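The values are calculated or read from the model by the stated rules, or taken from the named source; none is laboratory data. Since this is a predicted model, take the numbers as computed values, not measurements. In this analysis, Cβ positions are derived from the backbone assuming ideal geometry, glycine residues included, and neighbour counts consider all displayed protein chains. Accessible surface is based on the protein model in full, side chains and every heavy atom, while ligands, DNA and RNA are left aside. Shrake-Rupley method; radii C 1.70, N 1.55, O 1.52, S 1.80 Å.
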Amino acid sequence: MSTETWITFWQVVLYGAIAAFAVLSVWVIIAGFGDIKRMFADLGGGAGSDD
Amino acid sequence: MVPPLPALASFAELTSSFSNVDTAIVVIYLLASVAIGLLANRFITGLTGYLVAGRSLGTALSIATMTGSELGLITVMYQAQKGFTGGFAALHIGLIAGAATLFVGLSGFIVVGLRRARVMTIPEYYEQRFDKHTRVLGGTFLALGGILNMGLFLRVGSQFVVGVTGLDGTMLTVVMVALLALVLFYTVMGGMVSVVLTDYVQFCVLSIGLIAMVVLAISNLGFDHIVEVMRAERGDASFDPLHAGSGFGPGYVAWMGVLGLVSCAIWPTAVTRALASRDEGVVRKQFTFSSISFMIRFLLPCFLGIAAFVFLFDAGATFLEGGAFVLPGGTAENESILGLPVFFRELLPIGVLGLLTAAMLAAFMSTHDSYLLCWASVIARDIIAPLKPSQSSDDRQLWWTRVFIVLIGLYVLYWGIVYEPSQDVWDYLGVTGAIYFTGAIVVLGCGLYWKRASRMGARAALWAGLSAIVGLGPVQEALGMTGPNWGTFLDGDGNGNLDAHWIGLGTLAFAIIVMIAGSLLFPDDPDSTLSAETEATR
């Protein structure tokens, strides 16, 4: 690949990755909070088994 | 010669010190971490709660905690160093890591098999599949490679704090002791629950912080200007990872493929998240979605390292051999790894700098707590308990895990003070990790997917993995391997040592060969296999 192609390639990768990560972050932050509440409920109820 | 941007031409005008506001933000964050450790301790009622948080993690929390652990300050620092010294070509590391994690998520390669086995550690699977001897051997090499691997974490994290706050370099040891004491406190107290909570907080702060930093860097420097400077200063090779002059080349790229695969499917701190997940479906989703974070954790810091180089170039810094630099108006030589913290210190306004430092400290602590917990639990559960049945009760394993968390912490402090790295931090991590994972990937892969894999083959493969230690510069020097002309193919950076990636790839091939040969030449006796399985399920 030529240098110009590499530059375009890295630019697309970088911007695409930032966009995907932004969407993932919003979802993880919101849904993760709900998961924490469930985890404490499970631990409080002794759901974990020492298998 | 590319002219620097006018707005960034005067380094002195940009200099901002770490203010009281920044310090207050960091202190509040650190106190909150201590509170989390105390809170989590109230929910720990048994070994499963302490080591895998009761196997109660949902998909989103699994992704947050896996990203939190694997996107540590050490990751940010070493990838920024790679971008600083290698330019855009270094971005291939992130791209390959993302692709490898996506493959694991879609196929369930290794991680689903381990979750199905309902084990808490990888060596525990060795006993289920092979025997107790293999478990103890695997646990020993895992602990050895893992503990050596995290040897530089404390030093590099403290270098960040010293660099970003502008503290005198002599304060490095004091910073190391303070950070270590904090991490030890809440890891010993709260186990995996505390790890998960701090990981979640870190994910929130660091994901926003990283994206904001990249946007800030591009808006201040301009993407075209960054490209222009890299091209003028480092040449076309700094965009092409396959180019011989890029400092990478085909062998290095292949080695990154191996590292990308093992860092998500074999590396215990990542696999522990799979083992702590609610079910196999969560494991698959967790790895599939985490492919984005596994790519980002390398890609964004790497780009920030490139931006730091351009920023320092614009400011008139002098660059020396190996990536070290001297600030304008100064005489002190700074290691290349300090490029990022200096960039942050000079670019960010008061308050934002404090927030970002808190985020980076969060990254530092969430990686440390996971690693300390992981290696300590392997020693307690996979070495001590099988060898000393009197120590195998939950209470004794918890006690030993906490003791080894403290001992490993003290070792990390010692190593951070005495070890002088002779290679990039990322390459050091690759080699030390390879001591464990070159054998482990073969044993796990064959154990899960090849019926004829035998315990003799597994033990031989684990021993073969140990040979990766030759990749460390000081070990090569001790063995008299430095000096001969290896040629540019085997010694790409021309430092007289065999490149670590060739040793890693060679070790992997060696482990595969001895696993296959050992299994075919010394197959398991069907009767003894049955008795080992019975013993493992007790």
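Among the residues making up segment B:264-281, those that are of a type outside the set (Ser, Thr, Tyr), part of a helix (DSSP H, G or I) and open to solvent by 10 Å² or more (accessible area, probe 1.4 Å) are B:Glu280, B:Gly281.
Residues in segment B:206-258 that are more than 23 Å from the chain's Cα centre (by Cα) and part of a loop (DSSP other than H, G, I, E, B): B:Gly222, B:Gly235, B:Asp240, B:Leu242, B:His243. In summary, B:Ser246 fulfils each of the numbered conditions (1) surrounded by 24 or more Cβ atoms within 10 Å (Cβ to Cβ); (2) among the small types (Gly, Ala, Ser); (3) farther than 21 Å from A:Ser2 by Cβ with the single exception of condition (3). In segment B:206-229, the condition of being at pLDDT below 90, open to solvent by less than 60 Å² (accessible area, probe 1.4 Å) and farther than 30 Å from B:Met66 by Cα is met by no residue. Would you confirm whether any residue within segment B:44-64 is at pLDDT 80 or above and either within 29 Å of B:Arg231 (Cα to Cα) or β-branched (Val, Ile, Thr) (or both)? Looking through segment B:44-64, at least one residue is at pLDDT 80 or above and either within 29 Å of B:Arg231 (Cα to Cα) or β-branched (Val, Ile, Thr) (or both). Output the number of residues of segment B:444-484 satisfying the condition of being open to solvent by 30 Å² or more (accessible area, probe 1.4 Å) and modelled with pLDDT under 90. Qualifying residue count for the region: 14.
Entry remark, segment B:142-198: residues being at pLDDT 85 or above, surrounded by fewer than 20 Cβ atoms within 10 Å (Cβ to Cβ) and small (Gly, Ala, Ser) number 2 in total. Being modelled with pLDDT of 85 or more and among the hydroxyl-bearing types (Ser, Thr, Tyr) is the filter here; which residues of segment B:396-427 pass it? Selection gives B:Thr401, B:Tyr411, B:Tyr414. Does B:Leu261 satisfy being in a helix (DSSP H, G or I), within 15 Å of B:Glu70 (Cα to Cα) and within 13 Å of chain A (Cβ to nearest Cβ)? When the stated conditions are applied, B:Leu261 does not pass them. Taken over segment B:105-162, the criterion of being among the basic types (Lys, Arg) and more than 30 Å from B:Val174 (Cβ to Cβ) is satisfied by B:Arg115, B:Arg116, B:Arg118, B:Arg129, B:Lys132, B:Arg135. Restricted to chain A, and to residues that are among the β-branched types (Val, Ile, Thr) and more than 16 Å from the chain's Cα centre (by Cα), which residue is modelled with the lowest pLDDT? That would be A:Thr3. Residues in segment B:104-119 that are assigned to a loop (DSSP other than H, G, I, E, B) and open to solvent by less than 10 Å² (accessible area, probe 1.4 Å): B:Gly108, B:Ile110, B:Val119. Within the option set A:Ala22, A:Ala41, A:Ala17, being within 8 Å of chain B (Cβ to nearest Cβ) and either farther than 15 Å from B:Ile211 by Cα or open to solvent by less than 20 Å² (accessible area, probe 1.4 Å) (or both) holds for one residue only, A:Ala17.
For the condition within 10 Å of another protein chain (Cβ to nearest Cβ), part of a helix (DSSP H, G or I) and surrounded by 24 or more Cβ atoms within 10 Å (Cβ to Cβ), B:Arg297 qualifies.
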